[in-house]
Every structure is written in C-alpha cells, then in structure tokens.
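Undergrad: Got a structure for you, written out below as structure tokens; questions coming shortly.
The values are calculated or read from the model by the stated rules, or taken from the named source; none is laboratory data. Remember, it's a predicted structure, so these values are computed and weren't measured experimentally. Methodologically, a virtual Cβ is constructed for each residue, glycine included, from the backbone with ideal geometry; neighbour enumeration extends over all protein chains shown. Note: accessible area is taken over every heavy atom of the protein model, side chains too, but ligands, DNA and RNA are not part of it. Shrake-Rupley method; radii C 1.70, N 1.55, O 1.52, S 1.80 Å.
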Amino acid sequence: MSDATSLAGPRSRRAFAAACQWIPGGVNSPVRAWKRLGGQPLVIAAGRGSRLHDLDGRAYIDYVLSWGPLILGHAHPRVVRALSAAAERGVSFGAPTEAETRLASVLCQALPSMEQVRLVNSGTEACMSALRLARAATGRRLVIKFDGCYHGHADAFLVAAGSGCATLATPDSAGVPPEIAAYTISCPYNDAAAVEAVLARYRREVAAVIVEPVAGNMGLVLPRRGFLEGLRAACTAHGALLIFDEVMTGFRVGWGGWQQLCGVRPDLTCLGKVIGGGLPLAAYGGRRDVMAHLAPLGPCYQAGTLSGNPLAVAAGLATLAVCARAGFYQRLTARLARLLAGLQAAAATTGIALQLAQAGTMWGYFFADAPVTDWASAQRQHEARWRVFVSEMYRRGVYLAPSPYEAAFFSLAHSLADVRATCRAAAEALAAARAV
Ligand SMILES: *Cc1c(COP(=O)(O)O)cnc(C)c1O
C-alpha cells in the first residue's frame with residue numbers, strides 16, 4: 001500500500017474530523033489539507049529539534065519546518081527563553097519599543113539594499129504593502145510578476161498568466177475582480193527578455209517588477225545566470241521599481257539574502273519566515289527615498305495593530321543572533337549538500353531521474369527528466385511517482401511537503417545521523433516509486 005490514505009493514525013483522524021466541523025476544510029491554510037497527496041493530514045502534537053511529533057505518538061524528521069521559518073529547528077532553547085522573558089514584560093503595547101529598532105537595524109545592516117524597513121505580520125502583508133508603496137512612489141499602476149512565483153494572497157498577486165506573456169492577467173481565485181487582475185502582468189520565470197518587452201509595450205505604466213530571486217513556491221527553481229541582472233537593467237531603464245520577494249530566501253540562503261549572493265540591488269525587499277523565528281513577523285524595506293512615501297512621513301498608508309509585536313520581535317532577534325554566528329550558513333549548507341548527494345546516489349542506484357536543487361539551507365527535488373527552470377517545466381514532473389515517494393517517506397518517519405510545488409528546508413537541529421536516516425529511507429522509497 002503505497003498511497004497516502006493510511007498515513008494518519010486514529011487520533012489524527014479523529015482530531016481532523018473535529019477540525020472539519022468548525023474550520024473550513026479543517027485547516028487555516030489550504031496546503032495543510034493534503035489535497036495534492038491524498039489521505040488525511042497528520043495532526044501535530046509537538047516539535048523538538050529536527051523532529052515533529054503527531055498525535056499518534058509517531059516522530060518524523062521534519063523538512064517542512066513550518067514552511068521555512070524554523071532555521072534553528074523546533075523549540076530552540078534560546079528562542080523559547082527569549083519568548084518567555086518577553087511575555088513576562090507584556091505581550092503587546094501598540095507603541096514604540098527598543099527591541100523593534102534593534103531588529104530593524106539588524107535587517108538593514110544584513111541586506112545590502114535595505115536602508116529603512118517597516119515591520120508587519122505576514123509575508124502577504126509585506127508584499128501587498130510593498131506594491132502599494134511602489135505605486136505611490138512611481139504614480140503608476142501596473143505590476144509585473146512571474147508564473148509560479150507566490151507573493152501571498154493579496155488580490156494583485158492571485159492572477160494567472162494570460163494567453164501570451166505580454167497580455168494582462170486573469171484572476172486565479174474566485175473573489176478577485178477582473179478589473180484588479182488587469183493591473184497585473186505575469187511573465188515566465190527566468191525570461192528577462194519577456195519583461196523587457198512588456199516594459200517597452202506599457203511605457204511609463206509599470207510601477208514594479210516583483211520576483212522571488214530564487215523561486216521556492218513551484219518547487220525550488222534557481223534563477224538563470226543573467227536573469228536578475230536583466231530585470232535590474234530593464235527596471236532602471238523604464239523607471240519601474242524592482243522588488244525582491246525574499247520572504248523565503250531572506251536569512252535562509254545566507255545572512256544577506258539572495259541579493260547578497262547575486263550582487264543585484266533591488267529597490268524594495270520583502271522579508272518574512274526566518275526573521276520571525278516561527279512567530280508572525282514579516283517586513284518590507286529598501287531605498288530611503290522610496291520608504292519616505294509611507295505614512296506618517298508621506299501619503300501612502302499602511303498600519304498594523306500588532307506590527308512589531310514584542311513576542312515576534314523577541315523570537316526574531318533570538319533566531320538571527322544564532323544565525324549570525326561565524327560559519328552558521330556554511331555549516332548548514334555543507335551538511336545539506338551531503339543529504340542531496342545521498343539522495344542523488346540513491347536515485348542513480350534505482351535508475352530514477354531526480355532533479356535536485358539547493359540554495360543555502362533550502363532545497364528541492366523534482367521527479368523530472370530535464371532540469372526545471374520555470375512553471376511550465378515544473379508541471380512536467382512525474383506527480384504519481386512523487387506521491388508514492390512522499391507517502392513511503394512518511395511511512396519511514398520523514399516529513400516532506402504534501403505538495404510537489406514546495407521547497408524543502410534544513411535546520412541547525414538536523415544532524416548527520418538525521419541525514420543518514422533520511423538517505424536510507426529515500427533509497428527504499430525510491431525503489432517503491434520506481435514501479436510507478
Ligand atoms: C511564504 C511566502 C509569502 C507569504 O507569506 P505569508 O506569511 O504566508 O503570508 C510571500 N512570498 C514568498 C516568496 C513566500 O515564500
């Protein structure tokens with residue numbers, strides 16, 4: 001039995017049935033429902049280090065890590081201590097604190113392009129606010145995004161590509177008015193020439209180009225050499241702002257985000273995930289002259305009751321303090337590389353075509369014959385094979401994303417023993433997947 005229907009134990013099943021009565025689909029974010037994998041989701045009791053524990057008392061090596069934030073693993077003692085100390089001092093004030101300034105200064109000093117930053121509560125909020133700011137600063141309406149990139153669930157970003165890349169997009173969710181979607185243009189990832197063509201066609205109308213500098217929401221897809229440089233040149237030539245959505249890559253691929261590694265300087269950057277250490281915290285920032293359009297300095301409005309929340313800021317500061325240690329990213333990146341080498345070897349032994357990719361502490365895999373470079377090629381993966389592989393990995397105590405269009409992650413808590421156990425499980429799971 002190599003499908004997902006028997007993975008959840010009796011307690012998980014009961015708990016999920018109860019959830020479905022009170023919560024639509026039983027989840028507070030759709031991917032958690034395992035629709036793509038089939039079966040019912042594991043209901044989680046606790047997380048410790050690299051391990052996730054479900055209600056039925058089973059433990060899993062966790063490569064989802066709350067979809068990216070937990071770069072130190074679950075319940076890192078330093079984060080837990082910082083949280084309880086902050087809670088003792090009061091959990092929210094709605095007034096300035098010194099800690100939020102400390103976090104803002106860490107972010108600005110880490111990211112080459114960030115002169116000022118505003119703290120918000122989610123990546124969705126960061127991207128939505130960065131777009132409004134870009135429109136305010138340029139006085140333009142249109143935004144260019146890329147097929148397969150995700151920037152949260154604001155109306156402007158929930159659009160599907162039109163029939164050709166230079167056409168305006170259509171809504172990708174019920175409830176998004178076509179008039180709103182019509183301000184968004186979606187281009188193929190890794191195609192800077194397409195963006196240049198759109199900018200030339202809609203002269204002086206495009207406020208911003210927003211991109212995941214490493215795409216992590218269609219599986220992990222790396223930028224081709226010259227892609228981000230091409231976007232920078234095109235934006236500069238046409239007076240559009242370049243927004244790097246580093247919600248996933250910020251403090252994940254390395255201390256200064258992908259912009260530090262690639263040397264391309266965006267005008268605005270969105271952050272989230274790691275910077276909150278597992279609590280709801282995100283940020284957007286960049287050029288000081290652009291940020292000056294924000295209220296109370298300027299006419300572009302954005303606000304938040306819980307923005308800069310003391311608990312979230314404490315978890316973020318504690319997490320980043322550990323990430324800042326000498327050799328942190330090199331160590332994790334090297335250990336993750338051993339995992340990928342083990343997976344590649346297991347795939348070679350079974351004769352299965354597996355496309356692996358790594359960016360710092362992020363990784364991804366596709367069951368595909370050719371390298372994946374964009375949304376179209378991501379859709380050519382062998383999904384039935386993926387489904388068997390993931391189900392067999394769960395069965396062997398390895399927790400991977402229940403969708404083939406997600407990146408995987410790695411943490412400080414993942415030991416070499418975890419890596420070896422994962423490779424052993426993968427060898428067996430790949431052998432099972434070969435039959436598909
Ligand atoms: C996760 C993510 C978001 C959305 O963040 P939320 O906190 O889930 O709203 C936006 N952009 C990217 C690149 C992300 O990975």
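Undergrad: What do you get for Rg/Rh over region 77-323 if you use C-alpha atoms and the Kirkwood form of Rh?
TA: 0.97
Undergrad: Rounded to the nearest 20 debye, what is the charge dipole size of the chain about its Cα centre when +1 sits on each Lys and Arg Cβ and -1 on each Asp and Glu Cβ?
TA: That gives a dipole near 780 debye.
Undergrad: Quick check on region 298-389: take the gyration tensor over C-alpha atoms, sort the square-rooted eigenvalues as a ≥ b ≥ c, and tell me if it's rounded (a/c under 1.5), prolate or oblate.
TA: oblate
Undergrad: Now a separate question. With a 1.4 Å probe and all protein chains in place, put Ile180, Ile144 in order of accessible area, largest first.
TA: Sorted descending by solvent-accessible area, the residues read Ile180, Ile144.
Undergrad: Loop only per DSSP, at most 14 neighbouring Cβ atoms within 10 Å: give me the chymotrypsin sites (Phe, Trp or Tyr not before Pro) in region 278-356, ordered by residue number.
TA: Tyr301
Undergrad: Debye calculation, C-alpha points only, no solvent: report log10 I(q)/I(0) for the chain at q = 0.11 Å⁻¹, in the same order as the q values.
TA: -0.87
Undergrad: Now, a different point. With +1 assigned to the C-beta of every Lys and Arg and -1 to the C-beta of every Asp and Glu, and no other charges, what is the dipole magnitude of region 100-182 about the Cα centre in debye, to the nearest 20?
TA: The calculated dipole for region 100-182 is roughly 240 debye.
Undergrad: Can you tell me the length gained on complete extension of the stretch Thr101 to Arg203, counting 0.36 nm per residue apart and subtracting the Cα distance?
TA: Length gained between Thr101 and Arg203: 32.8 nm.
Undergrad: Right, here's the next one. For region 96-188, state the average projected area of the convex hull of the C-alpha atoms over all orientations, rounded to one decimal in nm².
TA: Taking a quarter of the hull surface, the average projection is 7.5 nm².
Undergrad: Could you tell me how far the Cα centroid of region 177-206 sits from the Cα centroid of region 60-85, in Å?
TA: When both Cα centres are located, 38 Å separates them.
Undergrad: Specify the angular offset, from 0 to 90 degrees and rounded to the nearest 10, of the alpha carbon long axis of helix 416-434 from the longest principal axis of the alpha carbons in the chain.
TA: The helix 416-434 is inclined about 80 degrees to the chain.
Undergrad: For the chain, give the percent of accessible area contributed by carbon and sulfur heavy atoms, probe 1.4 Å, rounded to a whole number.
TA: It is 55 percent, rounded to a whole number.
Undergrad: Report Met291's accessible area, 1.4 Å probe, all protein chains in place, as a number in Å² to the nearest 10.
TA: Surface open to solvent at Met291 totals about 10 Å².
Undergrad: Over the chain, what relative contact order in percent results from Cα pairs under 8 Å that are six or more residues apart?
TA: Reported relative contact order: 21 percent.
Undergrad: In percent, what relative contact order does region 23-98 have, based on Cα pairs under 8 Å that are 6 or more apart in sequence?
TA: 17 percent
Undergrad: Further question on the same structure: In Å², and per residue, what accessible area does the chain have when probed at 1.4 Å with the other protein chains present?
TA: Result: 41 Å² per residue.
Undergrad: In degrees, nearest 10, range 0 to 90: what is the angle between the Cα axis of helix 227-238 and the longest Cα principal axis of the chain?
TA: Once rounded, one gets 20 degrees.
Undergrad: Mind listing which chymotrypsin sites (Phe, Trp or Tyr not before Pro) in region 34-97 are in a DSSP loop and have 11 or fewer other Cβ atoms within 10 Å?
TA: Here the sparse-neighbourhood loop sites are Phe93.
Undergrad: For region 77-323, calculate the relative contact order in percent as a whole number, restricting contacts to Cα pairs under 8 Å that are 6 or more residues apart.
TA: Relative contact order here is 29 percent.
Undergrad: Over the chain, with a Gaussian network built from C-alpha contacts below 10 Å, which listed residue (Leu332, Leu55, Leu297) shows the highest mean-square fluctuation?
TA: Leu297
Undergrad: What's the magnitude of the charge dipole for region 77-323 around its Cα centre, counting Lys and Arg as +1 and Asp and Glu as -1 at the beta-carbon? Answer in Debye, nearest 20.
TA: 340 debye
Undergrad: Which angle between 0 and 90 degrees, to the nearest 10, do you get for helix 328-350 versus the longest principal axis of the chain when only C-alpha atoms count?
TA: Between helix and principal axis, roughly 50 degrees.
Undergrad: Roughly how compact is region 214-332, stated as its Cα Rg over 2.2 N^0.38 Å to two decimals?
TA: 1.17
Undergrad: Considering only DSSP states other than H, G, I, E and B, which trypsin sites (Lys or Arg not before Pro) in region 216-308 qualify as loop sites with at most 15 other Cβ atoms within 10 Å?
TA: Counting only loop positions with at most 15 other Cβ atoms within 10 Å, the trypsin sites (Lys or Arg not before Pro) in region 216-308 are Arg224, Arg225.
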